[in-house]
Amino acid sequence: MRRNRIDHFLHQTQIAGHISGRDVAKRVATAALITGVCIYAGFTMQALVAMAFVMLLEIVAYPLNKRASQFDQSISPFTAIAVFIVNWAAMLPFLSFAIILSHSASLPFVLAGYIWAFGIFVHVTNTFGLLPFYNWSQMTPAFATIFWMLWNLSHNPAHMALPIEWIITAAMMVVYIVNTFDTMTRQKDTHRALERAREEANIRLMELERLSRHDTLTGLMNRRAFDEKVESLMRQHANKLGVTIFLFDLDGFKPINDSYSHTAGDAVLCCIADRLRDLAGDDGLVARLGGDEFAILKTNITSEKMALAFGEKVIALIEKPIPFEQKKLQVGGSVGIARQGHHAATLAALMSGADQAMYLAKQHPDKSQMIFDKEAFPVRASLEDRNILINAMKDGEIIPYYQPKVSLDTNRIVGFEALSRWEHPTRGVLSPAEFLPQINELGLQGEFMIHTAERVLRNIQTWTAEGLDPGQISINVSEVTLATVSGHNDLLAIIDRYPHLRQHLTFEITEDIFIARSSDVIQRSIANFRWSGVRISLDDFGTGFASFQHLKDLEFDELKLDTGFIRDLGIDPASHILVNGLLSMGKGLGVQVVAEGVETRQQVKILGDMGCHVVQGYLYGMAVPFSEVMIRLETEGYQFVMPAPRNSDVA
């Protein structure tokens, strides 16, 4: 307790020293003013003596106050006592001016003395109100001065009054003093309340800042905080080893959420976060960047070998089973690694490199982690590439070509599949494989889907206006369109502009969309398109993630057998059995079956014998532009002429 009081006294002394040292010029100027008043009132000697004491004490106090006001240095108790005494003593000559004027026979000068005394009250309470040691030590002689002045006035012949009148005046002075004490006490309470409110506000601000920089579920750093810390550490380690980023997301996390609830998903994320903290150690940082994506930063990785070894530990940690309600949940992960260097000298380059490495690791069948190498990795699409693609669509360079679908019963064209081509001004005609990856990477799937549908419908409108029947035109519909409200609505809006052409339109969807998004959302989208009059085709059947449950729940009109099954017909007996079974399944479900990838007469014969009615493939032609389709449709009966047999076509 005693130590605490000493600390308070030392702290208050430093503040008082700062204030007193700051106000020297003001005090000397006001002392000179009141000295002049006293001399004019006829008290020359007394005023000069008082002014001399003021100057003497200011000279003594100045270095002490200067020393005390150095907040970066502690002061000794002896110095604090010296500061206290000299500041207390400095009040006395200021108060003496009021006592001097109380001897005047002139009422205005007496009032001037009282105004001076009350001015000292105000100065002390405003300046030292929150410094109890200094406030009370200076207010006490100030109040005593008022009573001394009253005593002098009561004995001054020029201001004679009855004793009761002086008693009343003294009593009013006592009331004033009591009120002053009460006001200062309440002021302290108010100050303490404000301090508490300020502290609470600071605590809330700190909590908000913490929440804004940390993931609320796992407690890990979020993307914003992680980026700031990485940027800072990159500057610190720029001339050393540099930092290393390990970026990964969880494979198989979504099925856990869908099958066991979000509570299970949260338990997985929290468990992984705890394991990562332990693995990262004191020299590492861990962040949850969003969803099931995490990142680790390490500053002590000295080689690629060491980075790969740490990456293996990360993968082993991720794949370790996670207990949840008597179950063992398991996820996997692919790790992308990027090391600070001339290929990744900025935060954006480092994170982009780790992201590219993670993406390639996911695509690679034999690797679960990869280190970013700018020279070896493919160049990422840029904003300029995005603008080029958008302009290519606007300028009509990216257009649908049409590959025929042929009836084996009539040998006639019964429809086409629309396959996009880019008629590049300098590179010639580009296949989808040469520009679709960029469209997906740049998030242009929605724009591309709308552009393609619009062009196809305009082509159909032209054919039908000429009295031609193009049959069923198939368009491949992206996952973004099926699984997002905006994509679904935009495509429906285009269909609504061509209501009389819906009978010619088929939307092809691939099986793998069922693993990418919630099947409920996709089923609703498909149902809406089918209700609007568009046929639905399940493309590449047998190779993706569709199940018999999807076949049961999903309403569709067509199954397209994948090229992989058709290629080995007549070669692999298993293919014959599978295709025969799938054709039987299609017949049982009451949907049309289309065989893709037909390239030989032998395949045509086998499919015909199995009961397949519609085929598509290079044997019947590659995808051709709109003008060539016009020529084919204008041919009388648009009968397909089978090409002469090749040696490879002979059974």
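Below are the figures for this structure:
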{"quantity": "F94 being in a helix (DSSP H, G or I) and touching a Phe, Trp or Tyr at 6+ places or on another chain (Cβ under 6 Å)", "calculated": "no"}
{"quantity": "Hey, T44 more than 60 Å from the chain's Cα centre (by Cα), more than 22 Å from P132 (Cβ to Cβ) and open to solvent by 30 Å² or more (accessible area, probe 1.4 Å) or not", "calculated": "yes"}
{"quantity": "Residue ID - nearest to F416 (Cα to Cα), chosen from residues in the stretch 468-483 that are in a strand (DSSP E or B) and open to solvent by 30 Å² or more (accessible area, probe 1.4 Å)", "calculated": "Q472"}
{"quantity": "Selection within the stretch 277-290 - crowded, with 23+ Cβ neighbours inside 10 Å and either of a type in the set (S, T, N, Q) or within 18 Å of G252 (Cα to Cα) (or both)", "calculated": "R288"}
{"quantity": "Selection from the stretch 213-227 of residues that are in contact with a helix residue (DSSP H, G or I) (Cβ under 9 Å, 6 or more places away or on another chain), open to solvent by 10 Å² or more (accessible area, probe 1.4 Å) and outside any helix (DSSP H, G or I)", "calculated": "H214, D215, L217, T218, G219, M221, N222"}
{"quantity": "Number of the condition not met by D572 [criteria: (1) under 30 Å from G252 (Cα atoms); (2) modelled with pLDDT under 85; (3) not aliphatic (A, V, I, L, M)]", "calculated": "(1)"}
{"quantity": "Condition met for F246 (of a type in the set (F, W, Y), assigned to a helix (DSSP H, G or I) and either within 24 Å of A344 (Cβ to Cβ) or open to solvent by 30 Å² or more (accessible area, probe 1.4 Å) (or both))", "calculated": "no"}
{"quantity": "Residues that are modelled with pLDDT of 85 or more, of a type in the set (F, W, Y) and under 26 Å from G21 (Cα atoms), drawn from the stretch 100-120", "calculated": "W116"}
{"quantity": "Counted residues, the stretch 599-631 - those being within 14 Å of N411 (Cα to Cα), among the aliphatic types (A, V, I, L, M) and within 52 Å of the chain's Cα centre (by Cα)", "calculated": "2"}
{"quantity": "Selection within the stretch 129-169 - in a loop (DSSP other than H, G, I, E, B) and either among the aromatic types (F, W, Y) or open to solvent by 60 Å² or more (accessible area, probe 1.4 Å) (or both)", "calculated": "L130, H155, M160, L162"}
{"quantity": "Extreme residue, modelled with the lowest pLDDT, among residues of the stretch 1-26 that are of a type in the set (G, A, S) and open to solvent by 20 Å² or more (accessible area, probe 1.4 Å)", "calculated": "G21"}
{"quantity": "Candidate set: the stretch 71-87, residues that are open to solvent by 70 Å² or more (accessible area, probe 1.4 Å) and not charged (D, E, K, R); chosen: the one farthest from the chain's Cα centre (by Cα)", "calculated": "I85"}
{"quantity": "When residues of the stretch 121-152 are limited to those that are out of contact with any Ser or Thr (no Cβ under 7 Å at 6 or more places or on another chain) and modelled with pLDDT of 85 or more, the one farthest from N87 (Cα to Cα)", "calculated": "W151"}
{"quantity": "Elements of type strands (runs of 3 or more DSSP E) in the stretch 319-436, at least 1 residues being surrounded by 15 or more Cβ atoms within 10 Å (Cβ to Cβ) and touching a residue at least 40 places away in the same chain (Cβ under 8 Å)", "calculated": "322-324, 327-329, 332-339, 369-371, 398-407, 413-424"}
{"quantity": "Residue list for the stretch 27-41, restricted to those being among the polar types (S, T, N, Q) and open to solvent by 30 Å² or more (accessible area, probe 1.4 Å)", "calculated": "T30"}
{"quantity": "Subset of the stretch 452-463 (residues that are in contact with a Leu (Cβ under 9 Å, 6 or more places away or on another chain), surrounded by 16 or more Cβ atoms within 10 Å (Cβ to Cβ) and not aromatic (F, W, Y))", "calculated": "A453, V456, L457, I460"}
{"quantity": "Matching residues, the stretch 437-451, being under 16 Å from V534 (Cα atoms) and either open to solvent by less than 30 Å² (accessible area, probe 1.4 Å) or within 26 Å of the chain's Cα centre (by Cα) (or both)", "calculated": "M449"}
{"quantity": "Test result for V230, modelled with pLDDT of 85 or more, closer than 24 Å to A307 by Cβ, buried (at least 17 other Cβ atoms within 10 Å of the Cβ) and out of contact with any His (no Cβ under 9 Å at 6 or more places or on another chain)", "calculated": "yes"}
{"quantity": "Any hit, the stretch 42-56, residues being at pLDDT 90 or above, in contact with a Ser or Thr (Cβ under 8 Å, 6 or more places away or on another chain) and not in a helix (DSSP H, G or I)", "calculated": "yes"}
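To keep it simple, each residue is scored yes or no on (1) modelled with pLDDT of 75 or more; (2) among the hydrophobic types (A, V, I, L, M, F, W, C); (3) surrounded by 15 or more Cβ atoms within 10 Å (Cβ to Cβ).
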site: V485; (1), (2), (3): yes, yes, no
site: N489; (1), (2), (3): yes, no, no
site: A493; (1), (2), (3): yes, yes, no
site: R497; (1), (2), (3): yes, no, no
site: I513; (1), (2), (3): no, yes, yes
site: D520; (1), (2), (3): no, no, no
site: S525; (1), (2), (3): yes, no, yes
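The values are calculated or read from the model by the stated rules, or taken from the named source; none is laboratory data. Computed from a prediction, not measured in an experiment: that's the story for all the values here. Note: ideal-geometry Cβ built from the backbone for every residue, glycine included; neighbour counts use all protein chains shown. The accessibility values were calculated without ligands, DNA or RNA, using every heavy atom of the protein model including side chains. Shrake-Rupley method; radii C 1.70, N 1.55, O 1.52, S 1.80 Å.
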